[in-house]
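Just so it is clear, none of the values below were taken in a lab; they were calculated from the coordinates. Every value quoted in this text rests on a predicted model; they were computed, and no experiment measured them. Note: ideal-geometry Cβ built from the backbone for every residue, glycine included; neighbour counts use all protein chains shown.
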Amino acid sequence: MTIAQALKKATFLLQDKIPRPRFEAELLLAHYLGVERVYLSQKDNIKIEKSENYFALVQRRAKSEPYEYITQKVSFYDTELYVDDRVLIPRPETEMLVDEAKKIIEQEEIIKIAEIGIGSGAVSIMLARMFPKIQIVATDISEDALSVAKINRDNFALNDRITLVCADLLQGVKEDFEMIVSNPPYIANGCKLECNVVDYEPHAALFGGERGYELLKAIIAQSQVKGARFLVCEMGYDQKEPIERIFTQIGVKYHRFYKDLAGFDRGFVVQF
Ligand SMILES: C[S@@+](CC[C@H](N)C(=O)[O-])C[C@H]1O[C@@H](n2cnc3c(N)ncnc32)[C@H](O)[C@@H]1O
């Protein structure tokens, strides 16, 4: 089967299943062949070896499995990370969490950081690459997630800068930190999500409790107890009010919320 024939068949298989069938058929074939997408149109009469393996990937995508799990890679910030179904796929809006943390590290010359819920490692790895002096202790409640974070941390040769710990929030972590960052699960239990998310991504990475912001509340409390000066978190678009109430109750020195590129409230920076 030639490239042109394979793309025609794959586009048909993906039709009505995903928004851009031809485009994704091409992306998957470029991934399968290990070539740039442009190669496909230049060499469309070349024969594909073992085309059944390509169609196995197409069938997975036709069942709504996220493209990133099929290819086991995701673009994040200026680079690519390894991902599989043991971790949440890092979202573009989380790049803003990295940027907010970056501003504070620069202004305050911060060295000691904790991340709660490292997942694939996206946030800690970007920060550690940008700031050669910082040391990060990153926790996750999921051993599976930590295994993926370890793959990425080691790929970027950051094993002496990022320490991975299996913990509920920061429980049992003895060190103190100047700043804590987190993109915790913040979706309310039972909230209806698209099937490519709820059927494939780890629920421990998505759902944060009955109201959704329970873990955020616990992270704010634990950061204060730990004596961190700054906390930077991602949150749900509808959680500004309850989070603001928490800040008023506990009395913080300073706080501000930031929006994502779509204009939704997406996170906060707080100084204790
Ligand atoms: C939304 S994902 C974020 C992953 C990654 N930091 C990112 O931004 O792509 C939340 C992560 O928090 C972890 N998590 C959930 N509850 C936790 C808890 N109580 N303590 C530590 N980590 C937790 C999940 O396993 C998951 O990896």
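For ALA157 and ARG245, what is the calculated FRET efficiency with R₀ set at 30 Å and r taken between the beta-carbons, to the nearest 0.05?
The pair ALA157/ARG245 has a calculated efficiency of 0.10.
How would region 72-117 be classified by its alpha-carbon gyration tensor: rounded, prolate or oblate, with rounded meaning a/c under 1.5 and the a/b versus b/c comparison settling the rest? Judged from the Cα gyration tensor, region 72-117 comes out prolate (a/c at least 1.5, a/b above b/c). Cut-off under 15 Å on the C-alpha distance; same-chain residues fewer than 8 positions from LYS226 excluded. Which aspartates and glutamates are left, in chain and number order? Excluding near neighbours in sequence, the set is GLU115, ASP168, GLU175, ASP176, GLU178.
LYS150: net charge of surrounding residues, Cβ under 15 Å, Lys/Arg +1, Asp/Glu -1, itself excluded? Charge balance in the 15 Å sphere: -4.
Among ASP16, ASP154, ASP140, the ranking by other beta carbons within 10 Å of each residue's beta carbon, starting with the fewest, stands as ASP16, ASP154, ASP140.
When every Cα-Cα distance of the chain is counted in 10 angstrom steps from zero, the calculated P(r) takes the values 7, 27, 31, 19, 11, 4, 0 percent. Comparing GLN224, GLN72, GLN249 in a Gaussian network model of the chain (Cα springs below 10 Å), the most mobile by mean-square fluctuation is GLN249. Taking Lys and Arg as +1 and Asp and Glu as -1, the other residues whose beta-carbon sits under 13 Å from that of GLN224 total +3. For the peptides 110-120, 173-183, the ranking by packing is 110-120, 173-183, with the highest mean count of neighbouring Cβ atoms within 10 Å listed first. How would region 117-272 be classified by its alpha-carbon gyration tensor: rounded, prolate or oblate, with rounded meaning a/c under 1.5 and the a/b versus b/c comparison settling the rest? Here region 117-272 falls in the oblate category. Amide H to amide H, with H built 1.01 Å from N, GLY209 comes under 5 Å of ASN189, counting only residues 5 or more places away or on other chains.
Dividing the summed -39500 (n - 2.57) terms of all DSSP H runs of n ≥ 4 by the residue count of the chain sets its mean residue ellipticity at 222 nm at -12500 deg cm²/dmol. If you take all other residues with their beta carbon under 10 Å from the beta carbon of TYR67, and give Lys and Arg +1 and Asp and Glu -1, the sum is 0.
Restricting to region 54-165, what percent of DSSP beta bridges are antiparallel, rounded to 5?
Values: 4 of 13 bridges.
Close to 30 percent.
Spatially, region 71-117 and region 174-236 are offset by 14 Å when compared through their Cα centroids. Within a straight-line Cα-Cα reach of under 22 Å, LYS63 can be paired with the following lysines, leaving aside sequence neighbours fewer than 8 residues apart in one chain: LYS8, LYS9, LYS17, LYS50, LYS73, LYS192.
Take TYR32, TYR39, TYR213 and order them by how many other Cβ atoms sit within 10 Å, fewest up front. Write out the running numbers ahead of the final one.
Numbers: TYR32 21, TYR39 15, TYR213 25.
Least to most surrounded, the residues fall as TYR39, TYR32, TYR213.
Within region 1-149, the percentage of alpha carbon pairs spaced more than 17 angstrom apart rounds to 67%.
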